[in-house]
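Below is one structure, written out as structure tokens; comments come after it.
The values are calculated or read from the model by the stated rules, or taken from the named source; none is laboratory data. Only a predicted model underlies this, so the values are computations on that prediction, with no experimental measurement involved. Every residue, glycine as well, gets a Cβ built from its backbone with ideal geometry; the counts of neighbours run over all protein chains shown.
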Amino acid sequence: MAYQVLARKYRPQRFSDVAGQEHVTRTLLNALAQGRIAHGYIFSGHRGIGKTTIARILAMALNCRNEVGSAERPTAEPCGICESCEEIRSSNSVDVLEIDAATNRGIDEIRELREAARYRPSRDRYKIYILDEAHQITDAAFNALLKTLEEPPEHVVFMMATTEPENIPQTIRSRCQHYSFHAVRFDDILAQLRAIATEENVVAEDAALALLAEAGDGSMRDALSIMDQAIASARIEGGQPHLDAEAIRELMGTVPNAVFERLMEAISENQSAALIEEVNRLLNAGNSPVQLARQFVRYLRNALMFKIGGEETELLQISPDERARVGRSAMLFSEEDITRFLQMMLRTFDELNYRQEQRFHLELGLIKLVHLQRLLPVEEFLSQLPAGSSLGSGNAARPAGSGARPASTGGSAYSRPAASSARPTAGPATAKPQEAAKPSFSPFEADRNRKITGAAESKPVGAPAPAVEMTAAPEAEAANTAAAPEAVVSRPLTPMEAASRAAEDAPAKPAVGVGVAEPERTDGALALASDPQGKADLERIARAVCAALEREGHSTAAVLLSSGRWTEQGGTIQVEVAIKRVMLGLTMNADAEKICKVAMRSVGATQKLSVVPGENLPGNNGAKPGVPISGSIQAAALENPLVKRAQELFEAEVRSVLDLREQV
């Protein structure tokens, strides 16, 4: 007789022989004993766990010729010796038809089946149809079978086995009894393999059988197939095959889990070099990166289950030795760490399936596990901040090579520095309010200082002319740059820079009157002295108002007023601005007007401020701009002889001015 593989040779022939499906076999035995036979069954579950096998055993029990309770058949189990049982076991029964639904899935085949179901069985009690891979049947074919399933002949029983029950229409499932099969437990597979090894006269180590059971991944058929292959490749001593763990690992292309334990130890110690050296040794030995990643994912999963459920949890389908090894690895990390590791390795495993340089991606994924340890949880980072502080830029991380978290101290690096630590300027004014609020550890500060230092080294000492931006042809801009090296074509001033640089450039005027001096500026704004009559000079009022608007966040209004024409008529200061009347109401709103009034009072001004749209200012009709305020940065730029010469030569127009004197 031809050789039979182990999966077929040791196929269960009774319900009691089926491993891991007690909930199904118990229900079916009770139904047989009570005579509660359904006309349709659906058996669903993982591959190789006994769906078709139980369908055959049920068919034998239904058509067994011996009555339940007889000497040959004391229980509802099939006798296994009658002619019907023998024919069904050998797949020769004319009344039990096993159909491969993957190839007979069309409506024509189902119509033939439906027509044949009308006739009574030729000899046995039931005509039974076993449809394997039933989810492959088309929707039209299922619809053709629907009426027969709803009102079947009393002699017909349908049994459908599938791995994808969700693909079977709900109308079919609702007319059948659905049994969901479980994956076979590790201990059940191990016991079955040990019994078969004894029956086959094979000497097998416990570690080798555990490897085979674990490789089965819940499928008895897969485990038996791998065992069949292992026996064929095993060494022969004394006429007996000997199965050892090392030979099975080599056969399956796997590595010992002790390797992954060493990898986990290297990760816990932040030893990237040891980690990569171990991986390099495994890859040079011919191991596949995909296989290594798959095994590591399984090892991390087991470590996570150990961390969650402990050593005795049923979530671990591994041998006791492997449980101890996984436990040692799990104790090195927290549950959150192992969860992040598992997520990262799952992503790496997915990438390896479509990446060309698999080795590089595996190494990168493992190094990321070392780096993941150094992450500081957000809640822990927030708990270390002192009361009342706010977040700055930068990242908090654990020190490399240490699993300890940084302790919180009173002088936390996350607290904002005082205003005196702001970046100094070239002028006599103090730091701007915005700069005072910047954190001392800003990641942009080093780059900004580098640029400032480079600009200072490339310029001569002294106050250069303000930079201007002119509208002219490209060749004109090049000539302008060559003729006036100090007039740099650059970006326009930001609103805050315009107001603050104007204050720094304006020559200090002595106070008028006895005992009245200009107050000290402490917040970066223009704090100006008033004259004895209580009226401030127009230029000082303009600078104070613009600085106050900028400081309070009304940058658009500050730029608009700083570029307007300021005149005084009686007790009213009128500012003509280059903007339409509709937009003026949106810019100079109630808040901006209130800020202007407070700023004017702070410099001793008693006049009323009126902002009107100018008819002859640039932005409305294209006329030439008005005369800038004396002492402002705009006036200083227009008075520069190089700028005047460039305007005459290229007929250019000064749009904006940038003061670079702060950077020298």
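Residues to consider are 75, 52, 27; find the one that is under 26 Å from residue 224 (Cα atoms) and among the polar types (S, T, N, Q).
Numbers: 75 fails: under 26 Å from residue 224 (Cα atoms); 27 fails: under 26 Å from residue 224 (Cα atoms).
Just one listed residue meets the conditions, 52.
Being touching a Gly at 6+ places or on another chain (Cβ under 7 Å) and either of a type in the set (Phe, Trp, Tyr) or closer than 22 Å to residue 214 by Cβ (or both) is the requirement here; does residue 304 meet it?
Answer is no for this residue.
Using the structure shown, decide if residue 23 is touching a residue at least 24 places away in the same chain (Cβ under 8 Å) and surrounded by 13 or more Cβ atoms within 10 Å (Cβ to Cβ).
Answer is no for this residue.
Restrict the check to segment 275-293 and report whether at least one residue is touching a helix residue (DSSP H, G or I) at 6+ places or on another chain (Cβ under 9 Å), of a type in the set (Gly, Ala, Ser) and not in a loop (DSSP other than H, G, I, E, B).
Yes, segment 275-293 has at least one match.
Can we say residue 2 is assigned to a helix (DSSP H, G or I) and not acidic (Asp, Glu)?
no
Residues to consider are 237, 250, 265, 246; find the one that is surrounded by fewer than 17 Cβ atoms within 10 Å (Cβ to Cβ), out of contact with any Cys (no Cβ under 8 Å at 6 or more places or on another chain), at pLDDT 90 or above and charged (D, E, K, R).
Testing whether each residue is surrounded by fewer than 17 Cβ atoms within 10 Å (Cβ to Cβ), out of contact with any Cys (no Cβ under 8 Å at 6 or more places or on another chain), at pLDDT 90 or above and charged (D, E, K, R) leaves just 265.
For segment 585-592, state whether one or more residues are buried (at least 16 other Cβ atoms within 10 Å of the Cβ), in a helix (DSSP H, G or I) and either in contact with a Phe, Trp or Tyr (Cβ under 9 Å, 6 or more places away or on another chain) or modelled with pLDDT under 85 (or both).
yes
Tell me the residue from 330, 303, 293 that is touching a Lys or Arg at 6+ places or on another chain (Cβ under 6 Å), closer than 28 Å to residue 187 by Cβ, modelled with pLDDT of 90 or more and among the hydrophobic types (A, V, I, L, M, F, W, C), please.
Working: 303 fails: touching a Lys or Arg at 6+ places or on another chain (Cβ under 6 Å); 293 fails: touching a Lys or Arg at 6+ places or on another chain (Cβ under 6 Å).
Only one candidate qualifies: 330.
Looking at segment 68-96 only, could you name the residues that are surrounded by fewer than 20 Cβ atoms within 10 Å (Cβ to Cβ), closer than 21 Å to residue 25 by Cβ and within 60 Å of the chain's Cα centre (by Cα)?
Passing the criteria: 75, 76, 80, 89.
Would you confirm whether any residue within segment 336-345 is at pLDDT 90 or above, hydroxyl-bearing (Ser, Thr, Tyr) and more than 24 Å from residue 284 (Cβ to Cβ)?
Scanning segment 336-345, I find at least one residue that is at pLDDT 90 or above, hydroxyl-bearing (Ser, Thr, Tyr) and more than 24 Å from residue 284 (Cβ to Cβ), so the answer is yes.
Which pairs turn up if I take residues in segment 185-206 that are over 18 Å from residue 249 (Cβ atoms) and look for partners that are part of a loop (DSSP other than H, G, I, E, B) and of a type in the set (A, V, I, L, M, F, W, C) with beta carbon separation below 7 Å, at least 6 apart in sequence or on another chain?
Taking only residues 6 or more apart or on different chains, the pairs are 188/19; 192/19.
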